1. Please find, within the range 77-101, the residue that is most open to solvent (accessible area, probe 1.4 Å) out of those that are among the acidic types (D, E) and part of a loop (DSSP other than H, G, I, E, B).
2. Yes or no: D113 charged (D, E, K, R) and touching a residue at least 60 places away in the same chain (Cβ under 8 Å)?
3. Which residues, taken from the range 31-50, are in contact with a strand residue (DSSP E or B) (Cβ under 7 Å, 6 or more places away or on another chain) and either over 21 Å from G110 (Cβ atoms) or part of a helix (DSSP H, G or I) (or both)?
4. Hey, could you check the range 6-65 for residues that are of a type in the set (F, W, Y) and within 14 Å of the ligand (Cβ to nearest atom) and say which is most open to solvent (accessible area, probe 1.4 Å)?
5. What tally of residues in the range 107-119 results from selecting those that are outside any loop (DSSP other than H, G, I, E, B) and either open to solvent by 20 Å² or more (accessible area, probe 1.4 Å) or aliphatic (A, V, I, L, M) (or both)?
6. Against the conditions (1) on the phi > 0 side of the Ramachandran plot; (2) crowded, with 16+ Cβ neighbours inside 10 Å, where does L126 fall short? Just the number, please.
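The values are calculated or read from the model by the stated rules, or taken from the named source; none is laboratory data. Note that this is a predicted model, so its numbers are computed, not measured. Note: ideal-geometry Cβ built from the backbone for every residue, glycine included; neighbour counts use all protein chains shown. For accessibility, only protein heavy atoms count, side chains too; no ligands or nucleic acids. Shrake-Rupley method; radii C 1.70, N 1.55, O 1.52, S 1.80 Å.
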Amino acid sequence: MDLKKLIMAAKKVSKNSYSPYSKFKVGASLITKDGIIYQGCNIENASYGLANCAERTCLFTAYSAGVKKNDIMAFCIYSPKEHLISPCGACRQVMSELLDKNCKVYLVYGKKDNIYETTVADLLPLTFSSEDL
Ligand code: THU
């Protein structure tokens, strides 16, 4: 798996962030087992609550293109801030359904591309899922 390529994709798409209200740019990327990369950035709205985080934009873009949970090898979230950022609660819930629980998640931040490696299961323990319905 080409981690550098995955990070570059998240970094690049963060530049497309539509965030005139928060001015907080985020990019997300995922790579499939076939090596195909999908990207997404955060997209805000004057009605603030309608903002879509980068993580969900990326996952919805991939799924819309026909990608399935088991096709996905790794997920990456990038913020240019110099501190670690990790996904919000809503995104963790969506990630827990659309990614395998053992899928690697790379949180990348800052000028030096600092990397914090985690997994979907670690980000959301005791998950509520379709099996609970
Ligand atoms: N945001 C993301 O896109 N991903 C995160 O992991 C944290 C927050 C976005 C939502 C909103 O557009 C801005 O960052 C500030 O919360």
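1. E82
2. It is true that D113 is charged (D, E, K, R) and touching a residue at least 60 places away in the same chain (Cβ under 8 Å).
3. I31, T32, K33, I37, Y38, I43, E44
4. The extreme case among them is Y48.
5. 8
6. Of everything listed in (1) on the phi > 0 side of the Ramachandran plot; (2) crowded, with 16+ Cβ neighbours inside 10 Å, L126 misses just condition (2).
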